[in-house]
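All of the numbers you see were taken from the coordinates with simple rules; none came from a lab. None of the values given here were measured: they were computed from a predicted structure. Heads up, the Cβs are rebuilt from the backbone with ideal geometry, glycines too, and the neighbour counts pull from every protein chain shown.
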Amino acid sequence: MPDRGGGPTGPRIRVGRPSRRVRTLLMTLGVLAVLGMAFTMFAGFWTDWLWYRSVHYSSVFTTTLWTKIGLFFVFGLLMALAVGFNIWLAHRLRPPLSAMSMEQQNLDRYRLGIAPYKKWLLFGITALVGLIAGASASGQWRTWLMWVNGVSFGQKDPQFHLDVSFYAFDLPWYRFLLGFGFAAAILSVIAAALTHYLYGGLRVTSPGARATAAATGHLSVLIGIFVALKAVAYWLDRYGLAVKSSDFKATDNWTGLRYVDANAYLPAKTILFCIAVICALLFFATIWRRTWQLPVIGFGLMVLSAILIGGLYPAIVQKFQVQPNEQAKEAPYVEKNLAATRQAYGIDGAKVTDYPGSSQTEDRSQLRDDVGQTASIRIMDPNIVSPTFQQLQQIRNYYAFPTNLDVDRYSKDGKEQDTVIGLREINLSGIPKNNWINDHFRYTHGYGVVAAEGTSADSGGRPDFTESDLPSKGDLGTYEQRVYYGEKTNMYSIVGGPQKEVDYSDDSGEKTYSYQGNSGVNLSNPINRAAYAVAFSEPQILYSGAIGEGSRILYNRTPKDRVEAVAPWLTIDGDAYPAVVDGRIQWIVDAYTTTNGYPYSSRTTLGDTTADSLTATNNQRAVVAQQNQVNYIRNSVKATVDAYTGEVKLYEWDTQDPVLKTWKKAFPGTVEPKSAISDELMAHLRYPQDLFKVQRELLSRYHVKDATTFLSGSEVWQVPDDPTNKAGESVPPYYLSMRMPDQKEQAFSLTTTFTPNGRDNLSAFMAVDAEAGTEGYGQIRILKLPTSTTVSGPKQVQAQFNSEQNIAETIRLLKGGGDSDIEYGNLLAVPLDGGLLYVEPVYVRGGGLKYPLLRKVLVTYGGAIAFEDTLDEALDKVFGADGATQPTPPGEDEGTGEDDGGGTTPPPTTENPTVQDALDDAQKAFEAGQEALKKGDWEAYGRAQEDLQDALERAEKAQSQPDGTGGGGGEGGGSSQS
């Protein structure tokens with residue numbers, strides 16, 4: 001029998017068995033956890049590879065991956081070897097135990113404690129520093145690729161006469177190597193010093209020598225290497241002066257040498273380089289001299305020299321040489337900065353011409369016809385009318401339009417016109433019931449383009465659609481209308497399998513569809529399904545019966561995300577826009593190559609420079625995420641994303657850009673030549689907004705070409721705040737077909753205005769030819785107004801509109817007692833006969849309506865203001881043309897008038913009974929309209945206006961009858977307009 005009192009046999013058996021089970025369970029759980037982590041890492045890698053292969057840019061994935069792996073292992077190994085070798089060497093140079101002091105003997109227990117684990121400890125320390133260094137180095141893959149593939153700019157900096165490529169491609173890599181060397185030297189010194197201390201080579205509290213000869217020599221060499229690297233840093237700092245930023249006069253991001261840099265810092269860096277070299281040699285000499293005396297003196301001299309020569313001396317030069325005669329001293333360097341900045345941002349070709357700011361034509365009626373030839377004034381604001389598109393053309397709740405629509409050019413009746421365009425994209429929040437199948441299998445795509453004329457509206461203030469309905473039809477012809485990739489398409493979809501998709505609905509019911517494209521990743525493979533189930537944290541992907549043969553998963557579906565993924569070396573414009581090209585909907589995406597290393601060119605922060613009143617409320621249209629500073633930018637690539645297949649194509653645009661040439665060498669075959677752009681695609685390419693914003697910000701200071709004016713700051717401009725938006729952000733640039741004074745015909749342009757720094761009057765008007773494929777594309781023109789006269793800027797013009805009594809009264813009536821909201825559209829400025837014509841559409845939202853309708857147009861020119869129903873009426877009134885009318889209520893057609901209450905007055909009565917009946921109907925319609933206006937019922941008001949117009953037309957027709965029944969002649973026989 002077992003010993004009940006706790007004998008050795010029984011208890012050990014009972015305790016041992018559960019212990020083994022627990023250990024087995026823990027080992028199993030540990031193995032499963034490791035396998036789970038491994039598969040999670042594999043899933044991320046595998047799904048990335050599958051996605052890049054599906055878009056045919058696998059070379060981008062492999063090049064980036066192998067570059068990161070190479071840098072990780074090379075620099076991780078170098079760091080591990082450097083630290084590990086110095087630990088090993090310090091251990092090897094340890095003194096014998098008999099020579100150790102009492103202080104060192106007290107460390108015996110630590111030495112004995114780590115003795116059995118020395119090799120593992122050494123391996124662990126070196127592996128840790130190696131992993132950290134390798135991870136840091138792998139993040140420098142862009143720097144490495146630019147260095148190894150860099151091409152010449154063909155331009156030299158004015159100070160050192162080196163090619164710009166040295167600063168853009170070489171210097172960043174050298175600085176990385178230098179930083180890596182400093183880190184390796186510092187870690188080696190720390191590791192070696194601790195090892196020497198642990199094994200008796202260094203002493204802290206013991207009397208006598210503080211270090212053995214071996215430890216002294218070892219540490220001296222390491223410190224000498226550090227000082228030698230500091231000498232290299234001083235030498236590179238000389239060239240770094242050409243790309244150094246500082247606050248100076250009219251700019252906060254001045255880049256390049258100034259007088260004090262060239263005459264104080266530059267010689268100081270050279271002197272400090274020489275001192276550091278000598279100091280390093282003194283440390284190396286300690287191997288033979290075995291004393292710290294000379295190297296410590298040399299190191300102290302280097303530190304003192306850095307303070308006196310590198311800090312105090314330049315301050316003295318600045319104080320006593322530069323400040324007393326700053327303009328003369330700084331002028332040569334300012335000229336270098338002006339030239340380099342203008343070249344780096346592509347603004348060196350900007351034409352600045354004087355513009356009087358006021359018309360010299362006495363009879364303004366002569367200018368009325370010139371307006372149509374000067375500009376096709378867009379009264380449909382793409383940033384206002386999206387809710388109108390949504391309400392009138394959404395058709396189904398599961399469709400939606402972007403918050404901001406786009407402006408493009410399309411031909412109608414052989415004439416090109418500005419068009420407001422948007423896609424009907426999928427809106428998952430509007431589907432009847434949200435669940436996994438509906439969200440990812442059934443409701444997968446949007447449908448169709450909706451477009452409207454930019455320069456007109458219908459009689460009710462609604463957009464004049466040129467492409468509408470579902471399926472869409474109109475002027476754009478036949479094209480693939482399904483939108484699987486769009487700006488609002490952020491969720492993944494699984495298509496092409498057994499589960500049918502909702503295509504669209506019409507009077508006959510709901511139509512279904514199955515994706516026919518080859519986009520996305522095939523999920524027929526169980527490994528792929530498992531990988532995506534892990535990567536997307538969605539286990540149903542692994543076992544759902546809705547996935548079968550032919551199922552494909554679509555993700556990374558916004559145009560910007562796709563282009564960023566296939567070209568991670570590009571900076572993407574904030575606004576992708578759709579166009580119908582060759583029977584397909586293509587998203588067009590502008591992309592930029594940038595660098596921060598252009599000598600003498602001032603820097604700008606992309607996120608701040610491209611922000612305006614639109615990005616303040618709609619961040620997806622801005623490069624707000626791009627907070628990096630750059631001092632060189634080119635729109636080198638035009639990219640397209642097919643809305644159905646998701647196919648991404650990159651087209652070379654700037655064939656002379658050395659940065660693009662460098663990236664093309666790094667990623668061969670990814671960018672197609674410019675000649676591959678079709679004529680139909682070329683017709684829809686345009687000058688990008690974000691580049692224009694960057695250029696206008698630089699031109700607010702760099703429009704001047706002489707150093708004296710730049711230094712005085714008298715010609716500094718600013719981009720005015722948007723007067724129609726309370727966000728306090730800059731006014732956005734506007735696309736507009738217009739003719740500048742030196743142009744013979746209209747050109748699709750991107751325009752903006754400038755005001756003097758700290759003031760609201762207008763100082764300049766800027767436009768760039770935005771239509772790609774034309775001879776003048778990219779030409780920047782600036783009309784500079786005289787400083788001796790005051791021309792109203794956008795904020796002042798808006799204030800004039802708001803303060804006009806008649807306009808204010810009409811606005812009050814349009815608001816309907818507060819039931820409606822007034823929304824001001826884009827305030828467009830157009831140069832005309834020496835003056836500036838301002839046009840602003842006014843929209844009304846309310847009275848039961850959820851969308852804005854165009855009700856009025858504000859126009860001002862030379863101090864004259866008009867507030868009319870239509871653009872033509874407003875222009876007629878401002879220019880005093882025949883048929884000019886007074887302000888009229890919203891929704892009224894041309895030819896009617898307005899009474900004091902803002903309504904329409906019918907013509908005087910007549911003796912003709914037929915005419916009288918028509919006028920009685922007109923009076924009833926007028927009264928009904930006034931009643932609807934007071935209630936803010938715009939639909940009823942619109943019907944009343946249509947009835948009124950019909951009655952007036954009947955009265956006019958009855959008067960013109962040749963027999964006596966129609967009307968009679970005489971004084972009462974016609975309808976008058978007031």
- Cα centroid distance between region 748-777 and region 647-664, in Å? 27 Å
- Item | In order through region 518-524: 3J(HN,Hα) via Karplus (6.51 cos²θ - 1.76 cosθ + 1.60), integer Hz, x for Gly, Pro | 10, 6, x, 10, 5, 9, 5
- Measure nothing but the geometry: give the 0 to 90° angle between the long axis through the Cα atoms of 9-54 and the longest principal axis through the Cα atoms of the chain, rounded to 10°. 50 degrees
- Query: Can you list the lysines whose alpha carbon sits under 25 Å from that of residue 319, skipping same-chain ones fewer than 8 residues off?
  - Reply: 244, 249, 269, 329, 336
- Task: Would you work out which of 187, 144, 155 lies farthest towards the positive end of the dipole of region 59-203, given +1 charges on the beta-carbon of Lys and Arg and -1 on that of Asp and Glu, about the Cα centre?
- Result: 187
- If the chain between residue 802 and residue 514 were fully extended at 0.36 nm per residue, the gain over the current Cα-Cα distance would be 98.2 nm
- Task: Rounded to the nearest 500, what is the 222 nm mean residue ellipticity of the chain from helices alone, with -39500 (n - 2.57) per DSSP H run of 4+ residues and division by all residues?
- Result: -13000 deg cm²/dmol
- Item | Likely footprinting exposure, 946, 868, fewest C-beta neighbours within 10 Å first | 946, 868
- Item | Long-range HN-HN contacts of residue 160 with modeled amide H, under 5 Å | none
- Query: Order of 594-607, 391-404, 31-44 by packing, highest average Cβ count within 10 Å first?
  - Reply: 594-607, 391-404, 31-44
- Query: Which ³J(HN,Hα) values, rounded to whole Hz and listed in residue order, are derived for region 464-480 from phi using the Karplus coefficients 6.51, -1.76 and 1.60 in 6.51 cos²θ - 1.76 cosθ + 1.60 with θ = phi - 60°, glycine and proline given as x?
  - Reply: 8, 5, 10, 8, 7, 6, 9, x, 5, 8, x, 7, 8, x, 9, 7, 6
- Message: Please list the three semi-axes, largest first and in whole Å, of the ellipsoid equivalent to region 374-555, using sqrt of 5 times the eigenvalues of its alpha carbon gyration tensor.
- Response: 37, 15, 15
- Task: Give me the distance between the Cα centres of region 718-735 and region 491-552, rounded to whole Å.
- Result: 44 Å
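Calculate the FRET efficiency for residue 459 and residue 675 from the Cβ-Cβ distance with a Förster distance of 56 Å, rounded to the nearest 0.05.
Efficiency for this residue pair is about 0.75.
State the dimensionless ratio Rg/Rh of region 329-455 (Rg: radius of gyration of Cα atoms; Rh: Kirkwood radius).
Working: Rg = 24.3 Å, Rh = 19.8 Å.
Rg/Rh for region 329-455 comes to 1.23.
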- Item | Inter-probe distance in nm under a simple model that places probes 7 Å from Cα toward Cβ, at residue 23 and residue 714 | 9.1 nm
- Item | residue 505 long-range amide H proximity, modeled H, under 5 Å | 511
- Message: Compute, for region 665-714, the length of the dipole vector about the Cα centre, with Cβ point charges of +1 (Lys, Arg) and -1 (Asp, Glu) only. Units Debye, rounded to 20.
- Response: 220 debye
- Note on the structure: So, with points 7 Å from each Cα along the Cβ direction, the residue 59-residue 149 label distance in nm works out to 0.9 nm
- Task: Can you find, among 242, 684, 566, the residue farthest towards the positive end of the dipole of the chain? Put +1 on the C-beta of Lys and Arg, -1 on that of Asp and Glu.
- Result: 242
- Task: Can you pull the one-decimal nm distance between simple spin-label points at residue 132 and residue 288, each 7 Å off the Cα toward Cβ?
- Result: 3.7 nm
- Item | Two-site FRET efficiency, residue 271 against residue 360, from Cβ-Cβ distance with R₀ of 41 Å, rounded to 0.05 | 0.05
- Query: Non-local amide H neighbours of residue 416 (under 5 Å, H modeled in plane, Pro and chain starts lacking H): which ones?
  - Reply: none
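Report the local net charge at residue 375: Lys and Arg +1, Asp and Glu -1, summed over other residues whose C-beta lies under 12 Å from its C-beta. Mind dumping the intermediate values first?
Details: positive: 378, 739; negative: 370, 418, 745.
Result for the neighbourhood of residue 375: -1.
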- For the chain, what is the charge dipole size about the Cα centre, in debye to the nearest 20, if Lys and Arg each add +1 at the Cβ and Asp and Glu each add -1 at the Cβ? 10240 debye
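R0 = 25 Å: FRET efficiency of residue 759 with residue 326, Cβ-based, nearest 0.05?
Working: r = 26 Å, r/R0 = 1.02.
Calculated transfer efficiency: 0.45.
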- With point charges of +1 on the Cβ of Lys and Arg and -1 on the Cβ of Asp and Glu, referenced to the Cα centre of the chain, which listed residue (135, 770, 55) lies farthest in the positive direction of the dipole? 135
- Using only Cα atoms, tell me the angle between helix 689-702 and the longest principal axis of the chain; keep it within 0 to 90° and round to the nearest 10. 80 degrees
- Message: If you average the alpha carbon positions of region 789-837 and of region 573-597, how far apart do those two centres end up, in angstrom?
- Response: 34 Å
- Note on the structure: Taking only the alpha-carbon positions of region 690-781 as identical scatterers, the Debye log10 I(q)/I(0) at q = 0.20 Å⁻¹ comes out as -1.02
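Roughly what % antiparallel, to the nearest 5, for the DSSP beta bridges in the chain?
Here the antiparallel bridges make up roughly 95 percent for the chain.
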- Folded to 0 to 90 degrees: helix 58-92 orientation relative to the chain principal axis, Cα: 30 degrees
- Query: What are the ³J(HN,Hα) values, in whole Hz, obtained from phi via the Karplus relation 6.51 cos²θ - 1.76 cosθ + 1.60 with θ = phi - 60°, for each residue of region 593-610 in sequence order, with x given for Gly and Pro?
  - Reply: 9, 9, 8, 10, x, 8, x, 6, 8, 5, 8, 9, 9, 4, x, 6, 5, 8
- Message: Residues of region 655-685 with the amide nitrogen closer than 20 Å to a label point 7 Å from the Cα of residue 743, along Cα-to-Cβ, please.
- Response: 682-685
- Query: By how many nm would the segment from residue 177 to residue 665 grow when fully extended, if each residue of separation counts as 0.36 nm and the alpha-carbon distance is taken off?
  - Reply: 173.4 nm
- Task: Run the dipole for region 506-578 about the Cα centre, Lys and Arg Cβ at +1, Asp and Glu Cβ at -1, nothing else charged, and hand back the magnitude in debye, nearest 20.
- Result: 320 debye
- Label corresponding to mean projected area of the Cα convex hull in nm² when calculated from the structure given, among (i) 40.2; (ii) 60.2; (iii) 56.1: (ii)
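Counting only C-alpha contacts under 8 Å and six or more residues apart, can you give the relative contact order of the chain as a whole percent? Write out the running numbers ahead of the final one.
Numbers: 1817 pairs, mean separation 100.1, N = 978.
Computed value for the chain: 10 percent relative contact order.
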- The Cα radius of gyration of region 628-718, divided by 2.2 N^0.38 Å with N its residue count, comes to 1.46
